[in-house]
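Okay, structure first, notes after.
A short reminder: the numbers here are calculations on the coordinates, not readings from a lab. Remember, predicted model here, so these are calculated numbers, not experimental data. Neighbour counts are summed over all protein chains in view; Cβ atoms, including those assigned to glycine, are modelled from backbone coordinates with ideal geometry.
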Amino acid sequence: MKRAGRSPRVVAMVGALVCAGSAAACSLLLDWNSFSDGIVQPDGGSGITDAEAVDDGDSAVVSVALESCGTGKLCSPAVPGDASGWSGPFALFSGTTASLPSTCDPTLYTPAAAFHGNKGLLAPPAECSCTCGAPEGSACDPPSLTFSPANNCATACSVPAVPTTLPVDGGCVVVPPACPSFAVGSLMQTTGGSCTPDGGVVLAPLAWSTAAMACSPAGASAGSCGSGELCLPSAAPFCIMHAGSLSCPPGEYYVAQHVYYADAGDTRGCSGCSCGAPASGSCSFMVGAIFDAASPPGGVYIDTSCGTPGGVLFVPEACTLGVKSLKLIAPTAVDAGSCTPSTATPTGDASPATPTTFCCTR
């Protein structure tokens, strides 16, 4: 390819500053002011003003000047002979997903895009939550029961197999003849049970900051360009393409690297959700229609089968004697408390996948 002289249309020289005495005389030898900003006009319609010839910040490198071959056209460099696996040339456009049309301008390019891809993956961490359902399977510890041979409950009974708790299911307890007095302790706290964990995971959709589209020239010819070159519209940089993430092949034209991705791998999620044991539970007696208005939870009996009432029984109950059996009457009500959930934290991440490399004239 012949190197063109400086022209108002395109002077794309390797970055250099020319300073002569003052800042006003200092300028970068790049002049793209006459370009159309690479606006793609699908189906011959109005320009998509946010879709521009690639300028995505991947590379500040530009090729040497390209030769003009007509109004608004330049000679695209031939694909380097030692660039195995590279194809092109293509016109490369980038912008937001909404700004890029789905097809190329049919007046300049083959309508079906040769490539669609993205860069700048946006993948917020998962939003994680963990809650616990109400405890299930909790029960009340029974009140303690202490028998004594003394009328004042001062000493513990030494008779073997003496009951030490008062069943909460209403079971009858016979007072041992050798230990006629007894005391009843407080109803204990809840025991056992578990909560069902409920872990929540909210994943924001993956998004990309930049989309890209490559277009193939339609009906292009060499014109006045050299061997292996094509005379193409100058609105967008000329690029060659290769699957994968690669360095650009040697040469002085296709020197600006841009990498785009076809998809992404997403392993975002949350750590496991679990629940601790129920805590802060309590037990009470469901009273309201037992014996009298005081509604005691139990009774004492003058026979050994809890058949003939001899008085009421409270929980707790101080030292009592003169009866032969006792039992709880009112059922227990369980406030099982609650379970503390574990802290669910985001796990995994997302990363771009299936890269394609473009090496362009800018």
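Once the piece of chain linking CYS172 and THR304 is laid out straight, how much longer is it, given 0.36 nm per residue of separation minus the C-alpha distance between them?
That pair, CYS172 and THR304, stretches by 46.7 nm at full extension.
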* Asked: Of the peptides 246-255, 342-351, how do they stack up when ordered by the mean number of other Cβ atoms within 10 Å, highest first?
  -> 246-255, 342-351
* May I ask you to derive the relative contact order of segment 84-177, considering only C-alpha pairs under 8 Å and at least 6 residues apart, and to give it as an integer percent? => 16
* **Sorted by Cβ density within 10 Å, fewest first, the residues CYS319, CYS179, CYS360** => CYS319, CYS179, CYS360
* **Exposure proxy ranking, count of Cβ atoms within 10 Å, fewest first, for MET241, MET188, MET286, MET213** => MET286, MET188, MET241, MET213
* When ARG268, ARG362 are ordered from fewest to most other Cβ atoms inside 10 Å of their Cβ, what list results? -> ARG268, ARG362
* Tell me the label-point distance for the pair ASP263, VAL201, using the 7 Å Cα-to-Cβ offset, in nm and rounded to one decimal. => 1.8
* To do: Could you check the simple spin-label distance between THR354 and PHE314, using points 7 Å along Cα→Cβ, in nm with one decimal?
  => 7.9
* To do: Subtracting the Cα-Cα distance from 0.36 nm times the residue separation, let me have the gained length for SER87 to SER224 in nm, one decimal.
  => 47.1 nm
* Between GLU127 and ALA333, how many nm apart are label points set 7 Å from Cα along the C-beta direction? -> 3.8
* Between segment 208-272 and segment 322-342, the Cα center-to-center distance that results, in Å -> 75
